[in-house]
Amino acid sequence: MNDTSRREEVPADFLAKQTPLSRHSDEWARIEYLLQLSARTTAVKVTNVWSIGNPHLTMQFEKRTQNMLTLDSWVDVTRLGEDNGVQEVCQRGFKFPPSGLLFSSGNVSVNSHGEDSRNTEVNQLLSRVRLGAGGRRPFEYLLCKIGVGRSYCLEESTPPTDKIAIPPGYESIYLHRSENETGAEGEVVGKSYKHDYILFDSPQVLPCFLVNFEYDPAMEEKMKAPRCDVCEEAIATVYCTADNARLCADCDEETHSHNKLVSRHIRVPVSEQPRSFGVCATHPDVTVEFFCPTCHVPVCVHCKMVGTHSAGEAASHKLIGIADAYKGALSASQKMDPLLDRRRTTVKEQLRLIDDRLREVNKNSSAVEEKIYQILQEALYQLQDETQKKMSVLLGEELELRRQLEQIEWLESFLRFQQQALPPVDFLTSWSRHCQLRSELHNLNTIRTEINVFPDIRLEGRIQVVNESQTRDRSFMGKSPKVDVKTEQSASSRSPAPASTSFRANLFQRHMSNGLDMPSVNPALGASLASSMTKPSFHYDSASAEEAAYIKRPTTVQGML
């Protein structure tokens with residue numbers, strides 16, 4: 001949020017006015033599961049949650065973000081600046097500086113060996129947290145809703161300015177990192193799922209909950225893959241029922257090859273070893289034997305006879321054996337959700353279309369560039385800038401689609417982790433929470449199938465580079481779509497973008513060294529240079545270093561020559 005960090009103790013009288021959530025409520029379950037999903041571990045446990053919703057802020061947020069893409073964002077209370085104390089945020093919302101505020105969606109780091117190695121700011125948190133009982137680390141976060149809407153894409157390395165004005169039709173800035181484009185799936189995506197947005201308007205952020213939670217590194221160690229009981233070094237792969245031992249492949253072969261008797265021992269994958277189903281949360285001295293599919297809770301004999309499921313509506317609920325419930329949930333969790341699968345297919349298809357359109361725009365840009373190679377430096381800059389705008393729009397659409405695709409993998413890869421790591425009772429609880437988050441993804445409708453960027457840059461008149469879709473945008477928006485995401489720098493003083501031809505390199509160098517407008521080029525000399533120069537090669541999937549620098553250049557629309 002800010003460079004300033006401070007530890008703020010939230011006053012007790014303020015918390016007394018807030019609404020604490022019940023540990024048995026659906027909201028508590030969703031928040032804890034979302035936190036575990038974001039931290040990529042089930043070793044974090046929520047201790048307290050307060051609903052800090054403000055009716056006035058809620059009404060402003062709903063009005064401002066109507067029909068906009070909204071995401072969950074965790075905000076570390078220790079990173080709040082002086083202008084944004086917890087009480088102030090809850091009462092009047094976030095106070096935004098002219099440069100906006102940074103919000104993230106996705107992973108948070110709670111471990112000094114965290115998965116988000118690129119975010120040193122988050123990792124420095126561990127040097128400031130105090131250890132609680134049993135070595136647990138306490139944390140305090142705000143869970144907010146952020147309305148990012150349609151995001152204008154900028155490289156993270158873009159030089160900061162006092163104020164960044166985004167183009168009309170956009171509600172936020174997406175900070176693009178090249179490592180977000182790996183296209184990997186599964187657990188790799190889960191570990192890298194973190195997306196940063198810069199917002200500028202307070203009604204786009206709604207603080208919803210104040211969450212206290214603890215992280216227990218010892219529990220994290222217990223959840224890691226089991227070691228072999230023989231060598232105690234390698235990861236166990238099989239379980240021997242006769243020996244009641246977990247063995248790695250080498251020790252299994254060595255142990256069960258001594259004679260025919262031991263070779264008959266039945267071994268199963270370590271994930272299928274017998275499990276303890278745990279004790280009842282209400283009656284700690286009683287083992288759970290049943291599961292209530294209606295309440296999604298494990299039930300012991302005491303609960304059934306004299307407890308929660310002995311009277312009232314719960315008494316009519318049909319209970320099933322805890323082992324059958326676990327097997328059923330494990331089987332169901334291993335099946336692909338057809339709605340998510342269909343959404344994944346739709347996202348991938350739209351990504352393919354955007355990739356094709358990116359190549360078409362780049363190809364169109366190359367053709368136009370070849371026609372105007374003899375024209376003054378400003379005409380070349382103008383072409384670069386018009387192309388940059390198209391690429392930024394398409395890349396912004398692509399990154400959002402990739403984010404949605406990663407979100408699905410992020411969710412499902414964590415489920416696969418839990419299938420292996422969690423005890424049955426914990427898994428049943430997590431599975432019901434997981435289904436709740438799945439249902440939220442089912443209801444999303446944020447895929448725009450129309451690509452409003454076209455390969456339509458052409459030459460006309462006085463070699464003014466024209467973006468035909470810009471005219472349509474002007475008519476649609478009712479005002480000029482001027483892009484003002486730039487540093488305050490004149491065209492003659494700024495450093496030239498890397499040239500795609502030797503001609504342009506010489507041209508730019510001559511202009512910069514003279515400090516004057518570039519003189520006209522002899523047509524014969526231009527033709528000679530044109531025959532020897534290399535055409536620019538743009539391809540999104542395998543971009544050259546030159547192209548990457550070209551795409552990163554801040555967009556600035558220059559005037560007509």
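Compare CYS295, CYS208, CYS240 by solvent-accessible area with a 1.4 Å probe and give them largest first, with all protein chains kept in place.
CYS295, CYS208, CYS240
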Tell me the accessible surface of GLU397 in square angstrom (1.4 angstrom probe, heavy atoms of protein chains only), to the nearest ten. 30 Å²
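Rounded to the nearest 20 Debye, what is the dipole magnitude of the range 269-424 about its Cα centre when Lys and Arg each give +1 and Asp and Glu each give -1 at the C-beta? Walk me through the intermediate numbers first.
Numbers: 19 positive and 22 negative charges, 90 e Å.
Taking the Cα centre of the range 269-424 as origin, the dipole is about 420 debye.
For LYS327 and THR241, compute 0.36 nm times the residue count separating them, minus their Cα-Cα distance, and round to one decimal in nm. Walk me through the numbers on the way to the answer.
Working: separation 86, 0.36 × 86 = 30.96 nm, distance 1.91 nm.
Gain in length upon complete extension: 29.1 nm.
Between GLU349 and THR294, what length comes free when the chain is fully extended (0.36 nm per residue of separation minus the Cα-Cα distance, one decimal in nm)?
On the way: separation 55, 0.36 × 55 = 19.80 nm, distance 3.80 nm.
Stretched out fully, the GLU349 to THR294 stretch lengthens by 16.0 nm.
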Ordered by residue, what ³J(HN,Hα) values in Hz, to whole numbers, does the range 247-258 give under the Karplus form 6.51 cos²θ - 1.76 cosθ + 1.60, where θ = phi - 60° and Gly and Pro are x? 10, 7, 4, 5, 5, 4, 5, 5, 6, 9, 10, 5
How many nm separate the modelled label positions at SER439 and HIS24, each set 7 Å beyond the Cα in the direction of the Cβ? 1.9 nm
Which pairs in the list LYS145/LYS335; LYS63/LYS145; LYS363/LYS389; LYS45/LYS335; LYS45/LYS348; LYS45/LYS194 are over 25 Å apart, alpha-carbon to alpha-carbon? LYS145/LYS335; LYS45/LYS335; LYS45/LYS348
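Equivalent-ellipsoid semi-axes (√(5λ), Cα gyration tensor) for the range 244-369, whole Å, largest first? Don't jump to the answer; show the numbers that get you there.
Numbers: eigenvalues 478, 218, 24 Å².
The equivalent ellipsoid of the range 244-369 has semi-axes of 49, 33, 11 Å.
Could the peptides 341-349, 74-82 be put in order, highest first, of the mean number of other beta-carbon atoms found within 10 Å of their residues?
On the way: 341-349: 14.7, 74-82: 18.6.
Peptide ranking by packing, descending: 74-82, 341-349.
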So, in nm, how far is label ASN48 from label GLU156 when the simple model puts each one 7 Å beyond its Cα toward the Cβ? 3.4 nm
Using a 1.4 angstrom probe and counting only protein chains, how large is the accessible area of LYS363 in Å², to 10? 150 Å²
What is the P(r) of the range 1-112, as percent of Cα-Cα pairs per 10 Å bin from 0? 11, 36, 43, 9, 0
The range 9-66, accessible area per residue, ligands and nucleic acids excluded (1.4 Å, Å²): 52 Å²
With a probe of 1.4 Å, find how much accessible area the range 249-307 has per residue, and write the answer as a whole number in Å². 67 Å²
For the pair LEU339 and GLU313, how long in nm is the line joining their label points, each one 7 Å along Cα→Cβ? 2.2 nm
How long is the gain from LYS260 to THR446 if the chain were fully straight, where each residue apart is worth 0.36 nm and the alpha carbon distance is subtracted? 60.8 nm
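So if R0 is 41 Å, what FRET efficiency would ILE320 and ALA234 give, r being the distance between their Cβ atoms, rounded to the nearest 0.05? Don't jump to the answer; show the numbers that get you there.
On the way: r = 37 Å, r/R0 = 0.91.
Result of the calculation: an efficiency of 0.65.
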Need one value: the accessible area of PHE96 in square angstrom, 1.4 angstrom probe, rounded to the nearest 10. 40 Å²
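The values are calculated or read from the model by the stated rules, or taken from the named source; none is laboratory data. As the structure is a prediction and not an experimental result, all values here were calculated from the model. Virtual Cβ from ideal backbone geometry, glycine too; neighbours counted across all protein chains shown. Keep in mind that these areas ignore ligands, DNA and RNA; they rest on the heavy atoms of the full protein, side chains included. Shrake-Rupley method; radii C 1.70, N 1.55, O 1.52, S 1.80 Å.
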